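Have a look at the structure below, then the notes.
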Amino acid sequence: MAPLRPLRSLSLLFPSLRVRCQRRHLTTPAPPPTAAAGPSTPVRTPPSKSHLAYEIPDSSFPRGFLASGVHCGIKKLPTLHDLGLIVSTTERNSAAACFTRNVFKAAPVLVSQEVLRDTGGRAAAVVVNSGCANAVTGKKGMEDALDMARTVDALRDVRTGASDSQEAASTPASQTLVLSTGVIGQPLPMTNVLNGIALAHANLGSTFLSWQGAARAFMTTDTFYKLRARTFVLAGRKCRIVGIDKGAGMIHPSMGPPAQPHATLLGLIATDAAVSPAALQAALTYAVDRSFNSISVDGDMSTNDTILAFANGASGMERELSLAPEDREVYIQFRDELTAFATEMAKLVVRDGEGATKFVTVSVEGAGTFQDAHIIASAISTSSLVKTALYGEDANWGRILAAVGAAPVSTPPDPQKVSVSFIPADGSEELRLLVAGEPEKVDEVRAKEILKAVDLEIRVVLGQGEESAKYYTCDLSHDYVTINGDYRS
């Protein structure tokens, strides 16, 4: 028996090992562990978001655009809109887009990319459906997306450039872009969809109710329609801009322009400013990188993520804004207006995050490059450990540092230079957690007060350079699991 003594001695050091050895020789199952009384973290109800949807004066919407939304039968409840249409009534239009970089791009993404390519960025309409993503649906899905676009063209009496040649027949030759969102892998009920397009076209209008209907047609698990409009002055003319977006889950977009081939993020921005397709695409790409590509609800990228922009010149600007050197100053103004507006729209998606109880701004400062700051902000925003700590209102800032240190950046942070703080939304003094690599004695009571608020900011200073980036995220709650555990039902 002498050889067994070392094993018994080892088991004294590692009790769990002893338990496993004992259980292996049990002839009857061990009794189940006593069930816990419930989650140690209280189940918190998401705050009301009804105040985020409100009426907008008709005069705020851009000139020369019409919109509508209807129920066509994709969704089960007849009270829910599931098809929307937005069209420009002017002759010369510009369009731009940023699409998902997911390998499994949905049919409407592929069709819209082709339309922009074939028209040179001169598309003039968009049709959107919700309830079915038309993603991973094969050739039939592509045919259905094309039929949606061509049906809108026919109703608008647009000559599609159809030809007897096989090459022409294989291309969309359309002026209509297509958006779809909903369940992946299921076909569209095309009879309902095509009838719905005709109904939507017959109900086009320029009032708030028309735009509200279109915004409702974007919704899936959203708890409120996301619609905003504002005015700005460009080249001496009063211009207007409208935005619609949707998204609450499957939100961590990575979108780029059509030349660069994550429910879903969809967005539409339309303005009556006169902007060339090239300038509109450049401005949209810049804006999306700092807005929609800087949000995360759950870290999942959709097959359908798309942000579209239209400019129709109905404001009366003398000529289209271009990327030429003489237009540089006005272009920068437009780009920055678009970025600010896109950021406002992107924040609405995070505020409506599935089960979310908090809206969190993650600011990374003092980076060597914008890209490194953006990557670190994304790493913090997508960390499940950080997000659950936020939900539990636990000032576990070590999780933030762990995310910072694991981020795949070009220049790793110097641990002796990094600082971390909580910034209250009420404007009171920041709560320093780590200063130049040295931990602070944290006031846990005040930390709890900050984390109880709906809005707060996490600030990380790297001490490497002058570049910075922001990300917008939310917490990860019990409700998120409930919503996504039976999404299809």
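The values are calculated or read from the model by the stated rules, or taken from the named source; none is laboratory data. From a predicted model like this one, the values you see are computed outputs, not experimental measurements. Every residue, glycine among them, receives a Cβ derived from its backbone with ideal geometry; neighbour counts consider all protein chains shown. In case anyone asks, the SASA skips ligands and DNA or RNA and just uses the protein heavy atoms, side chains included. Shrake-Rupley method; radii C 1.70, N 1.55, O 1.52, S 1.80 Å.
At pLDDT 95 or above, in contact with a Leu (Cβ under 9 Å, 6 or more places away or on another chain) and surrounded by fewer than 20 Cβ atoms within 10 Å (Cβ to Cβ) - does that describe any residue in the range 374-385?
Among the residues of the range 374-385, not one is at pLDDT 95 or above, in contact with a Leu (Cβ under 9 Å, 6 or more places away or on another chain) and surrounded by fewer than 20 Cβ atoms within 10 Å (Cβ to Cβ), which makes the answer no.
Within the range 241-248, can one find any residue that is within 19 Å of Lys105 (Cβ to Cβ), small (Gly, Ala, Ser), modelled with pLDDT under 95 and surrounded by fewer than 24 Cβ atoms within 10 Å (Cβ to Cβ)?
So far as the range 241-248 goes, no, none of its residues is within 19 Å of Lys105 (Cβ to Cβ), small (Gly, Ala, Ser), modelled with pLDDT under 95 and surrounded by fewer than 24 Cβ atoms within 10 Å (Cβ to Cβ).
From the list Ser428, Ser419, which residue is touching a Leu at 6+ places or on another chain (Cβ under 6 Å) and over 23 Å from Lys226 (Cβ atoms)?
Numbers: Ser428 fails: touching a Leu at 6+ places or on another chain (Cβ under 6 Å).
After applying the criteria, what remains is Ser419.
Is the range 392-415 home to any residue that is farther than 20 Å from Arg432 by Cα and among the aromatic types (Phe, Trp, Tyr)?
Here is the first cut: in the range 392-415, the residues farther than 20 Å from Arg432 by Cα are 406-412.
Right, trim to among the aromatic types (Phe, Trp, Tyr) and you get none.
Among the residues of the range 392-415, not one is farther than 20 Å from Arg432 by Cα and among the aromatic types (Phe, Trp, Tyr), which makes the answer no.
Among the residues of the range 63-74, is there at least one that is under 30 Å from Ala279 (Cβ atoms), open to solvent by less than 10 Å² (accessible area, probe 1.4 Å), in contact with a helix residue (DSSP H, G or I) (Cβ under 7 Å, 6 or more places away or on another chain) and not aromatic (Phe, Trp, Tyr)?
Checking the range 63-74: at least one residue is under 30 Å from Ala279 (Cβ atoms), open to solvent by less than 10 Å² (accessible area, probe 1.4 Å), in contact with a helix residue (DSSP H, G or I) (Cβ under 7 Å, 6 or more places away or on another chain) and not aromatic (Phe, Trp, Tyr).
Search the range 299-346 for residues being more than 22 Å from Arg230 (Cα to Cα), among the small types (Gly, Ala, Ser) and modelled with pLDDT of 95 or more, and hand back the single one that is surrounded by the most Cβ atoms within 10 Å (Cβ to Cβ).
Only one residue tops the list, namely Ser322.
Can you pull out the residues in the range 88-111 that are under 19 Å from Met219 (Cα atoms) and part of a strand (DSSP E or B)?
Correct list: Phe99, Thr100.
Inspect the range 263-286 for any residue being part of a strand (DSSP E or B), at pLDDT below 95 and surrounded by 17 or more Cβ atoms within 10 Å (Cβ to Cβ) and give the result as yes or no. Break it down stepwise before answering.
Narrowing the range 263-286 to residues part of a strand (DSSP E or B): 266-271, 275.
Narrowing further to those that are at pLDDT below 95: 266-267.
Subsequent filtering for residues that are surrounded by 17 or more Cβ atoms within 10 Å (Cβ to Cβ) retains 266-267.
Looking through the range 263-286, at least one residue is part of a strand (DSSP E or B), at pLDDT below 95 and surrounded by 17 or more Cβ atoms within 10 Å (Cβ to Cβ).
Can you tell me how many residues within the range 395-411 are in a helix (DSSP H, G or I) and over 17 Å from Tyr472 (Cα atoms)? Before the answer, list the steps.
First, the residues of the range 395-411 that are in a helix (DSSP H, G or I): 398-406.
Now drop any that are not over 17 Å from Tyr472 (Cα atoms), which leaves 398-399, 401-402, 405-406.
Qualifying residue count for the region: 6.
Search the range 90-106 for residues that are more than 16 Å from Ile269 (Cα to Cα) and modelled with pLDDT of 90 or more and pair each with any residue that is surrounded by 24 or more Cβ atoms within 10 Å (Cβ to Cβ) and charged (D, E, K, R) when their beta-carbon atoms are under 9 Å apart and the residues are at least 6 apart or on different chains.
Thr90/Asp272
Mind listing whichever residues of the range 412-457 are open to solvent by less than 30 Å² (accessible area, probe 1.4 Å), closer than 13 Å to Val360 by Cα and assigned to a helix (DSSP H, G or I)?
If the condition is that a residue be open to solvent by less than 30 Å² (accessible area, probe 1.4 Å), closer than 13 Å to Val360 by Cα and assigned to a helix (DSSP H, G or I), then Ile450, Leu451 are the ones that fit.
Any residue at all in the range 71-86 that is among the basic types (Lys, Arg), over 20 Å from Leu199 (Cβ atoms) and outside any strand (DSSP E or B)? Break it down stepwise before answering.
Kept after step one, since they are among the basic types (Lys, Arg), are these residues of the range 71-86: 75-76.
Subsequent filtering for residues that are over 20 Å from Leu199 (Cβ atoms) retains none.
Taking every residue of the range 71-86 in turn, none turns out to be among the basic types (Lys, Arg), over 20 Å from Leu199 (Cβ atoms) and outside any strand (DSSP E or B).
Counting only residues that are open to solvent by 20 Å² or more (accessible area, probe 1.4 Å) and in contact with a Leu (Cβ under 9 Å, 6 or more places away or on another chain), how many does the range 347-360 have? Write out each step before concluding.
As a first pass, look at the range 347-360 and keep what is open to solvent by 20 Å² or more (accessible area, probe 1.4 Å): 347, 351.
From what's left, in contact with a Leu (Cβ under 9 Å, 6 or more places away or on another chain): 351.
Result for the range 347-360: 1.
So which residues in the range 386-399 are more than 26 Å from Leu266 (Cα to Cα) and open to solvent by less than 30 Å² (accessible area, probe 1.4 Å)?
Val386, Ala389, Leu390, Tyr391, Gly392, Glu393, Ala395 - these are the residues of the range 386-399 that are more than 26 Å from Leu266 (Cα to Cα) and open to solvent by less than 30 Å² (accessible area, probe 1.4 Å).
Look at Val364 and say whether it is more than 25 Å from Thr223 (Cβ to Cβ), modelled with pLDDT of 95 or more and open to solvent by 10 Å² or more (accessible area, probe 1.4 Å).
Details: more than 25 Å from Thr223 (Cβ to Cβ): yes; modelled with pLDDT of 95 or more: yes; open to solvent by 10 Å² or more (accessible area, probe 1.4 Å): no.
No; evaluated as a whole, the condition is false for this residue.
As an exercise: evaluate Thr89 against (1) buried (at least 24 other Cβ atoms within 10 Å of the Cβ); (2) farther than 24 Å from Lys347 by Cα and give the number of the one condition it does not meet.
In the conditions (1) buried (at least 24 other Cβ atoms within 10 Å of the Cβ); (2) farther than 24 Å from Lys347 by Cα, Thr89 misses (1) alone.
Given the criterion open to solvent by 20 Å² or more (accessible area, probe 1.4 Å), in the same structural domain as Asp153 (by TED's automatic domain parsing) and modelled with pLDDT under 95, identify the matching residue among Thr221, Thr207.
Working: Thr207 fails: modelled with pLDDT under 95.
The match here is Thr221.
If only one of Gly64, Gly38 is farther than 30 Å from Pro189 by Cβ and modelled with pLDDT of 95 or more, which one is it? I'd like the intermediate steps shown before the answer.
Values: Gly38 fails: modelled with pLDDT of 95 or more.
None of the others qualify; the one that does is Gly64.
Determine the pairs where a residue that is within 24 Å of Asn192 (Cβ to Cβ), located within the range 112-134, has a partner that is assigned to a helix (DSSP H, G or I) and basic (Lys, Arg) with Cβ atoms under 9 Å apart, the partner being 6 or more residues away or on another chain.
Ser130/Arg216
Please work out if Gln371 is more than 27 Å from Leu268 (Cα to Cα) and touching a strand residue (DSSP E or B) at 6+ places or on another chain (Cβ under 9 Å).
Values: more than 27 Å from Leu268 (Cα to Cα): no; touching a strand residue (DSSP E or B) at 6+ places or on another chain (Cβ under 9 Å): yes.
No: the conditions fail for Gln371.
Can you say whether His51 is at pLDDT 80 or above and exposed (fewer than 10 other Cβ atoms within 10 Å of the Cβ), as far as the supplied structure shows?
Numbers: at pLDDT 80 or above: yes; exposed (fewer than 10 other Cβ atoms within 10 Å of the Cβ): yes.
Against the criterion (at pLDDT 80 or above and exposed (fewer than 10 other Cβ atoms within 10 Å of the Cβ)), His51 qualifies.
Across the range 230-239, what is the number of residues that are open to solvent by 30 Å² or more (accessible area, probe 1.4 Å) and in a strand (DSSP E or B)?
In the first step, residues of the range 230-239 are kept if they are open to solvent by 30 Å² or more (accessible area, probe 1.4 Å); the result is 230-231, 233, 235-238.
Remaining after also requiring in a strand (DSSP E or B): 230-231, 233, 237-238.
Here the count works out to 5.
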